[in-house]
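Have a look at the structure below before the remarks.
The values are calculated or read from the model by the stated rules, or taken from the named source; none is laboratory data. Predicted, not measured: the structure shown is a model, and the values here were computed from it. All Cβ positions, even for glycine, are placed from backbone atoms using ideal geometry, and neighbour counts span all protein chains on display. Each accessible area value is taken on the protein alone, full model and side chains, heavy atoms only, with ligands, DNA and RNA left out. Shrake-Rupley method; radii C 1.70, N 1.55, O 1.52, S 1.80 Å.
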Amino acid sequence: MITWLRSLAARLSGTAELPADFAGELAAEEHVLAVARTAEGALVATHLGLWLPEGRRVGWHLLSKATWKDGVLTVIEAEEAGAAGGAVLLRDLPGRRLQLTDPRRLPDVVHERVNQSIRSRHHRDLPGGGAWFVQRKVPGRDGIVLQVRPNQGADEAAVAEFAATVAEQLQRAKER
């Protein structure tokens, strides 16, 4: 009876029901938005991020790219590689392909959430290679963070120096 009530409440509220084999542990106020099935297990989208089948959540601000094609969701996760003043330096990890056996609304929710986390993005060519400068909202936190992802082969020290300058200018503009 309780399972039926939870299912009904999830449908009425527009949220998805957490699958019984979910490998993670949601935060106290974390809301499930969509669920999909893969051969590896459940893929769960919440307002805080995307839970991978092994039970690890990736925040929306750390998903560099997500594509949906021919039943496969490919996600590129970024890791924080350091700091440059008030900017966070990112490094993309290899893409991960997830064959969805029952996609439901999950691909649309992932696309929407990744795009909603981005406030602005700009590519800058620099001596020694370029970089993407992206201002993003971090789920569950106030404010915006400046993320900088150097192009492959770019001079990371030069990118970091320029990123620190940009972060400082943004901070000064906020204080005015």
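What the table below lists for this structure:
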read-out	value
Number of positions in segment 119-132 that are touching a Lys or Arg at 6+ places or on another chain (Cβ under 9 Å) and either open to solvent by less than 40 Å² (accessible area, probe 1.4 Å) or at positive phi (or both)	2
Of the criteria (1) over 18 Å from Ala154 (Cα atoms); (2) open to solvent by 40 Å² or more (accessible area, probe 1.4 Å), which one Leu93 fails	(1)
Residues (part of a loop (DSSP other than H, G, I, E, B), open to solvent by less than 50 Å² (accessible area, probe 1.4 Å) and either touching a strand residue (DSSP E or B) at 6+ places or on another chain (Cβ under 7 Å) or within 17 Å of Leu100 (Cα to Cα) (or both)) located in segment 27-72	Glu30, Leu48, Leu52, Pro53, Gly55, Gly71
Checklist (1) within 16 Å of Glu168 (Cβ to Cβ); (2) buried (at least 21 other Cβ atoms within 10 Å of the Cβ); (3) not basic (Lys, Arg) applied to Gln135, failing item	(2)
Lone unmet requirement of (1) part of a helix (DSSP H, G or I); (2) open to solvent by 60 Å² or more (accessible area, probe 1.4 Å); (3) touching a residue at least 40 places away in the same chain (Cβ under 8 Å); (4) closer than 30 Å to Glu30 by Cα for Thr165	(4)
Ser64 touching a helix residue (DSSP H, G or I) at 6+ places or on another chain (Cβ under 6 Å) and under 29 Å from Leu26 (Cα atoms)	no
Identity of the residue in segment 146-162, surrounded by 17 or more Cβ atoms within 10 Å (Cβ to Cβ) and of a type in the set (A, V, I, L, M, F, W, C), that ends up farthest from Gln116 (Cα to Cα)	Ala154
Test set (1) open to solvent by 30 Å² or more (accessible area, probe 1.4 Å); (2) out of contact with any Phe, Trp or Tyr (no Cβ under 6 Å at 6 or more places or on another chain); (3) touching a residue at least 12 places away in the same chain (Cβ under 8 Å) - Arg113 fails condition number	(2)
